[in-house]
Amino acid sequence: MINIKRLFFVFTFFVCFFSSSFFYAQKINQFDENKKRTGIWIKYHANNKVRYTGTFEKGKEIGVFKFYDISSSKHPIIVKTYSKKTMPF
């Protein structure tokens, strides 16, 4: 009887773990239908270190962007906040 309970517990754990990561995982580096950047973006230097992280909406930067040095991706060297205001064109 204890083996059935253990098997049920393990099965339930894996189902919950994999279904939650599948449904709640946010995709990065996406384009919208107008081929403009949207959502979370992570850009890399040529040496595979993070160059910047930030969020785009309709191709424009919004919110907090963190820029990193080419030698290290541990701590940002610049943190810039972009407003969501639309600019008149």
Legend entry - Qualifying residue in segment 13-21 (condition: surrounded by 10 or more Cβ atoms within 10 Å (Cβ to Cβ), outside any loop (DSSP other than H, G, I, E, B) and at pLDDT 85 or above): no
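So, restricting to strands (runs of 3 or more DSSP E) that lie completely within segment 28-89, which ones have at least 3 residues that are touching a strand residue (DSSP E or B) at 6+ places or on another chain (Cβ under 7 Å) and surrounded by 12 or more Cβ atoms within 10 Å (Cβ to Cβ)? Please lay out each step first, then the result.
Numbers: elements: 37-44, 50-57, 60-67, 78-82.
By residue number, 37-44, 50-57, 60-67.
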Inset, instruction - Output the residue which, of all residues in segment 61-89 that are at pLDDT below 95 and among the basic types (Lys, Arg), is nearest to the chain's Cα centre (by Cα). - result: Lys74
Legend entry - Matching residues, segment 22-52, being at pLDDT 75 or above, polar (S, T, N, Q) and within 17 Å of Gly63 (Cβ to Cβ): Asn29, Gln30, Thr38
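The values are calculated or read from the model by the stated rules, or taken from the named source; none is laboratory data. Because the structure is predicted, anything quoted here is derived from the model rather than measured. A quick note on method: Cβ atoms are made from the backbone with ideal geometry, for glycine too, and the neighbour counts reach across all protein chains shown.
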